[in-house]
Structures are given as structure tokens and as C-alpha cells.
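These notes concern the structure reproduced below.
The values are calculated or read from the model by the stated rules, or taken from the named source; none is laboratory data. This structure is a prediction, so every number in the text was calculated from the model and none was measured. Using ideal geometry, Cβ is built from the backbone for each residue, glycine included, and neighbour counts are taken over all protein chains shown. In case anyone asks, the SASA skips ligands and DNA or RNA and just uses the protein heavy atoms, side chains included. Shrake-Rupley method; radii C 1.70, N 1.55, O 1.52, S 1.80 Å.
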Amino acid sequence: MPRLHHITLVVVLCSLTWGARAEDGSDGWLRYSRITDQAVLRQYQSLPRNIVQSDSSALGRNASAELARGLRGMLGGQYKENSGRPDGNAFVLGTPKELHRLLSGWKAPSDLGPESFAISRFDDHGHHLWIVAGDSQRGELYGVFHLLEQVAEHREIVPDAESPSAPIRWVNQWDNFDGSIERGYAGRSIFFDGGHVRADLTRVSEYGRLLASVGLNGCTVNNVNSDLRTLQPEMLRELARIADALRPWGVRMSLSVDLSSPQVVGHLPTFDPLDPRVVAWWQQKTDEIYSLIPDFAGYTVKADSEGRLGPSHYGRNPAQAANVLARALRPHHGVVLYRGFVYNQHLDWHDLKADRARAGYDNFRALDGKFEPNVVIQIKHGPIDFQVREPVSPLFAALQHTNQAVELQVTQEYTGQQRHMVFLVPMWKTALDTDMRAQNRSTPVKEIVEGKSFHQPLGGFVAVVNVGLEDNWLHHPMAMANLYGYGKLAWNPNVSTDEIIDGWTRLTFGNNPKVVSTIDDLQRNSWHVYEQYTGPLGLGTLTDIIGVHYGPGIESAERNGWGQWIRADHKGIGMDRTVATGTGYISQYPPELAKVYESLATCPDELLLFMHHVPYDHVLHSGKTVIQHVYDSHYDGAATAATYAPRWQKLHGLVDEERYDRTLALFRYQAGHALVWRDAVSEWFLHMSGIPDKDGRVGHYPDRIEAEAMQSDGYTPVNVTPWETASGGKAVVCNRAAPCTLTTKLDRPVGSYDIAVQYFDNHPGAAQYEMTLNGRNIAHWTADDTVPPAVVDKKLDGHTSTRFTVRGIALVPGDTLMLRGVPSGAEPAPIDYIEITKK
Ligand code: GCV
């Protein structure tokens, strides 16, 4: 090839490669991908190419740079940024004061509240201007992201103004200084490593940008189970670097602090919040923090909960503790987010009146009105702990003279840990829209936390996010919809689920109608589907609650002090929380709502077993019995999860390969794991109730061959615990260095079949599996997934059970199928069963 052509080809290839940048998910919903549709481009052709930034703060500069970056990415061409008076058509960014300096004739909108923005058109000396005005630079930045979102969704840019629902719109990260993340499922911490703040904080700044783009303004960067070194002077100096990285995005850093710090860090003989030395210590420590971090947002406090020390140690209450911190923060405009998650984890299971759900109300109700004005009680949306379904916490209606924030969880601790697709916005909206009827009037949770219902000055929204170092932040490409959706709801809790998911999909995967409608549909229903196969009727997630909270582990809920009981016996199931015969929890709700929950006639089916103990043959409003509902919902949910992969496959070629492949693999995994859930829960209920499934599915698996029933060379049977997480309660393992085999003769009629192998993928270890048919290799795979993620689990159980399916295999009677397992390290190539289904 002549040299010149060679060079040309290299240039062309380079630009092609550059144009088709790898879609690893790191841009989240801020992809700014080039618009190629000419009709769409035409609607933006009159947009200015000049950007005038009227102020020179870091935030202001970021706002104009972001506008240039976004428009350049989507529309192409160059954008000039400057700060002088516009000398042509331009975007002009600024606060009213700065804008007036440049454009004396421009009038600021009268209702530009805190952090709000207004986008308007203005003609000045014949120049057509788009003004992005923010009441502060933060508002300006929000206006820029809003404008860019319109373009990315191919919408017309129109004058618009928005303001946030509430001042607190924070995220919490449960990151530890060693770099691990409690309940984090996407790799290690972006903030910490090896006991220190990371040297490279690029990802932190990128995270700040993502948060700002959906209007979030605060980030607690360390675990609420706070490291006792957090407030040491040298650690604070390191932490200040994180605040520096977040500041240009208008995100203020806050820290989780342990209330024993005056003793541990300050070497005082006490941490009693009422001791004057302790009061002085908090004052001095807070001043020290502000000298390093002038915009420090405040403290997040977990105390007297799950082993953390707290004011109860000295017979003090949460208000006495919170107020000491609040008084120290107040001169600096900082706040205390004191968590309402205070409960006794050593409850007496034998006591039928004991009830963990009561704890929030019981601990805080009497303190209403006793907190300083810069204290906010941070309340998990349900009274237990982020289960797949809970009623809202009664504490929201009980605190009428205290600031409140609702705590949600983006990290999917009890909802599939970002290995299952579960779009949580519908769940959060159910909670936020719940009308608590406090004072016998409309008081939806969203309006309580916004401060509207009881006229509180502060309040808002917090979500535990736990992004990690993985490229795409949360592991599952679909999971970022939860972070985006959380931000949108915190900004405006009245925005609809449809609007949120549609916006996210367009920004994340583009505007192709087929792509948009497919992803929107998949996401929209995914919470309901997950609830169907993991814990219907208000039972909560039927997971291993004293372990990793991932796969099924039904009985783990019972007979311990944690109080996530389902109180199942051979006759019935459910927590009796009624006033009449139960724990009295229901009385914590305002009377109108309590009345609905107290009566079996009005209690909604989806919360029935949270509120009542009933026999298995109790008939629901739907007309089904409880037991049949449990069976049906598990079968229906797993069947719907099995449709995700084939529906996704219809998008092949319409979505970039990287995210397409990753999502497909996760959907296939989810389909298999939904079956693990389905079978474990249904079998367990069959065993407990003794009532058969009227459709004859539970306990009857005609297409299965148990591993322990196959002819073995080297494989030995083992009992699996809990028993319901393996078919027949047993599996086989290869406990020798050499490979083991299982062989069986098939007698299937001639036809095409899918052959699924249910096996266990332990972590660590990478066992190899091979399947042969009449000596011919038909499949080979490695068990090297991290399921459940980031947790070393050597056990065979509901977390590690998974499946591999080989499709479209032609069978005739008399075929010989052989499975060969090659153990690796701690992984003995375990197998549960094979299932052969006709295509
Ligand atoms: C950070 C649940 C989680 C814990 C978490 C706790 C909390 O119990 O399992 O990991 O601790 O909630 O919210 O404080």
C-alpha cells in the first residue's frame, strides 16, 4: 500500500475509533453523544456559539465549560467562552447581580428562590441572548444541566424556571478508609484506600458532576459506621481534599461522626454530651473543620444503633446529643443529620409484643420540638430496613416540630445488589406519596420532608448510593437509573415515574424509539417483579438477613434478636402489629391511616403480612388464598424475569456492544437466580404449610435430573444449608484434585432442547465445567462470577446458586449426557441439578 494511503487510513481509523468511544458507562447519563439526525439538528441551528460567563468563581467557570462541552459533543462545532459584555448572539450565565452588571435592561425573575434557575430569552442591542440565571452559581449550574438535558432528549429549548423542593438533597456513601464499602456492589471506594484519602480524586470530581447534574448538593463521604479516626487532625486534612474535589460542582461534603470521638480522638475521660468539656471539644473540633473546609455541610450521626455508642451510654437522649453538635455547627451554617435508625438488635423473639418496627417512633416521638433548628432527623422510608416492601415509617407523621429528611437506598442492599435489575423509583414514589393523614388532613410523606406540612425550615432527601471504582459506578448498566431517579425526585418529588425513566433512558441509551420503549418497559415494572419472587404481601425480602442480604434465606429472619421476623409456623404467617391483639405498632400511625391497617377488611394485600398474622388459607382481596398467592407470585415473577434477556436481545445492533453484552449477561443471570428464589420460597412454604400448589408446580419438576441421582465419578453428595436453596436439599461436590464427572442416559423424544445446569459459583475460585453429549463437547464455561459481589462466600447456598444454559441442542432417546467439573482452589465445582426443557 502506498505510504500516503496508509497515513490516510490511519487517520480515518483513528477518527472512527475516537468517534465511537467505548461505552463503559462512566459518563452515566451525561454522554452528550453527537446528534446525527438532520431534522433534530435543525431545531438547534440558531443557538448561539458564544458563552458569556458573568462571574469567575470555580462553579461559574464549570457551568460555562459544561455548557460548551455538552453543546460541542451533541451539536459539533466550537463554542467560545468569555466573560465580557456579549458582542453577538450568546448564552449568558450568571446570578442576577452579575447579569445586571452586563445587561442593565434585563430584569431578574422575582421568584428566583434558593438554588433555583431561570432560562429566558433576551434581546440586547440586536443580539439574541439565552440567559441562564441562577440565584447562586449552583442554580446557574443546574440551569445549564437542564438546558443540556433538553438537547440530549431532542426537545426544543424553551424559557423555563425551576427550584428545588427542599434544601437537603444529599447522598451518603458508606465508604471505609481501607477502601471497602459497606453494602457497596461496584468495586472499591472512589475516596479511600489503605487508610487514607486516595491520591487521585478524578473519580470524585466526576461523581460530583453526576450529582450536580440532577440537582444533588451534599455528600457524606464516609460510612455511618464511622471510623474512629475520622476527626483526627491529620485525617481531616486529607478529607479536605475530597471537599475540594466536590466544591466546583456545588456539592458540599459532610462527615459521619462517632459520638465517642471526644473520648477516642480528644482523649477526654467521657463523651457525655452534657459534659462541658465534651461541649467545648465539639465546638473546637467543628471550628477546626471549618478552617480546613469553609463550606463543610455538617455531621451525619448514627448512634445507639447496631453496636454504635451513643447518648444512651450516659442516660442522655438523641436530642441532647444532636444539639451539642448543632450548636457547634450553627455559626458556620452547618447541619446535623441525626439518623432515626435507632433500635435494639437484641429483641426477645419469644415476646409477642416485641417489635423492631416500633423503635423509631418509640425513641424519637417524645423528643419532638426539642431539637435545635439545624438538626434534621434522617428517617429510613420504612420502619425496618430498606425491604422490598414496607409501609412508611410512622415517625414522619409523629414529628411535627422537628426537621426531617427521608433516607432512601440507591445501593440495592435488599433488592438484588445490582445483579438484578430493580428500578426503585416506583417504590420510592409509593412511600413519598403515602398520605399519612396527620391532623386528619392531607400530609403525604414528600410534603412532610419538604417542610411544607408542618412548616419546618429545613429537611429533604438523603440516599445511600455507594458508587464504586467500577467504570460504570454501580455495576449494572440499568442501576444508574436509580441514582438519576433519586436526584430527580429530590429536586421535585412530583415528577412522574414515566418522565424519570424516559429521561434516563434517552440520555443513557439514546433516542431510538424502540430502544426507549423497550428499556422503559423493562425498568418500569422491575420492582414489582422482584417483589413477586423475593417477598410478596409485605413479608419483606425473604433473604438471609443475618448475612449478606442477597439470595433466599427464609428462616434466618426468625428466632434471633434482629426483629425482622415473619412469625411463620405450620398454621399461619405474618407479624401481628394490630392494636387489638398484636404489638400495637399500628397505633403509631395517625388515626385515619391506622384504621385502614388495623382491619383485615381494609389492609391492602401488599402489606397484609407486615400488619397481620393470618392462616395460609386466608383469602386476600384478590380472591386468592395467601398460600396460593405466594406460589403464583413467585412463578409469575420468575417467568417475567426470564423475558428480560429475550426482550433485550431485540435491541441488538441498536445499543453499543459493550453495554449490550454486559446487560444481556446480567439479565441471563437474573433469570437463573429468580428461579433459585422461586423454588426456595415456594418449597419452603409448601413444607411449612403442607398446602399444595393448586397448579401442581411446587415440588414437581419433571424436566429435572438431580445431580445426586446421576452416575458419579468422584462427585460426592452434600447437604445444602438452608435446605431450600438446593433442589432436594442436596448438591454434589468434587473434593479431589482431578476432575469429576456425572453421567446420565436421556430418554427425551426427538427434538430441540435447552439444557440448564444449576450449579454454585463460589467466590473465590474459578471451577471449570464441560458438558458433552455422546462424547461431543456441547458447552464449556468457567464459574468466575462474583455472586454475591465483593463477598467471599465459599458456601453452597442461595447466594451462590446460579445457572448456565446451552440452547437448541438436538436430542434423541438414548443420548448420553456427561458433565465434567474441574475444581479450582476453594471451589469444588458443585452441581445441583440439570433441567432439560423442550424448545
Ligand atoms: C451502615 C442496615 C445495613 C447496615 C447499615 C445499617 C445502617 O442494617 O445492613 O450495613 O450500616 O443498615 O443503615 O446504619
Worksheet entry | Solvent-accessible area per residue, Å², over the chain with all protein chains present [probe radius 1.4 Å] | 37
Worksheet entry | Largest to smallest principal axis extent of the C-alpha atoms in the chain, angstrom | 89, 87, 54
Worksheet entry | Most to least accessible of HIS476, HIS196 (protein chains only, probe 1.4 Å) | HIS196, HIS476
Item to complete: Mind listing the long-range amide H neighbours of ARG169? Cut-off is under 5 Å, sequence gap 5 or more, other chains count too, H placed in the peptide plane at 1.01 Å from N.
Response: ASN217, GLY218, PHE461
Practice prompt. Report, to two decimal places, the Cα Rg of the stretch 697-839 normalised by 2.2 N^0.38 Å (N = number of residues).
Written response: 1.00
Worksheet entry | Cross-link partners of LYS97 among lysines (Cα-Cα below 22 Å; sequence separation of 8 or more within a chain) | LYS107
Practice prompt. Compute the FRET efficiency between ASP433 and ALA366 as 1/(1 + (r/R0)^6), taking r as their Cβ-Cβ distance and R0 = 22 Å, and round to the nearest 0.05.
Written response: 0.20
Discussion item. Strictly over 31 Å apart at the Cα level, which of LYS650/LYS838; LYS80/LYS514; LYS730/LYS839 would you flag in this model?
Written reply: LYS80/LYS514
Worksheet, complete the sentence: Within the under-11-Å Cβ sphere about VAL336, not counting VAL336, Lys/Arg +1 and Asp/Glu -1 give a net charge of +2
Discussion item. Give me the percent relative contact order of the chain, please, defined on Cα pairs under 8 angstrom at least 6 residues apart.
Written reply: 9
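Take the Cβ-Cβ distance between ASP351 and ARG647 as r, set R0 to 51 Å, and report the resulting FRET efficiency rounded to the nearest 0.05.
0.60
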Item to complete: Could you pull out every residue, at least 5 positions away or on a different chain, whose amide H is within less than 5 Å of the one on SER256? Hs are placed 1.01 Å off N in the peptide plane, and Pro or chain starts have none.
Response: VAL221, ASN222, THR300
Discussion item. Multiplying the sequence separation of ALA108 and LYS452 by 0.36 nm and subtracting their Cα-Cα distance, what value in nm do you get?
Written reply: 121.2 nm
Discussion item. Along the Cα→Cβ direction, 7 angstrom out, place labels at ASN225 and ASP617. What is the inter-label distance in nm?
Written reply: 4.5
Worksheet entry | Accessible surface of the stretch 694-839 [probe 1.4 Å, protein heavy atoms]: carbon and sulfur percent | 53
Item to complete: Please tell me which of these pairs span more than 21 angstrom C-alpha to C-alpha: LYS302/LYS370; LYS446/LYS488; LYS624/LYS694; LYS370/LYS595; LYS429/LYS488; LYS429/LYS624?
Response: LYS370/LYS595; LYS429/LYS624
Fill in: 20 Å reach of a label modelled at ASP636, 7 Å along Cα-to-Cβ, counting backbone N of the stretch 534-549
534-542
Worksheet entry | DSSP H segments from the chain that extend 18 Å or more along their own axis, Cα-based, with Kyte-Doolittle mean of 0.0 or above | 3-19, 58-75, 137-152, 233-246
Worksheet item: Roughly speaking, to the nearest percent, how much of the stretch 527-683's 1.4 Å accessible area is carbon and sulfur?
Response: 58
Discussion item. Report D for the stretch 140-245 in µm² per second (integer): Stokes-Einstein, Kirkwood Rh on Cα pairs, 10 °C, 1.306 mPa s.
Written reply: 102
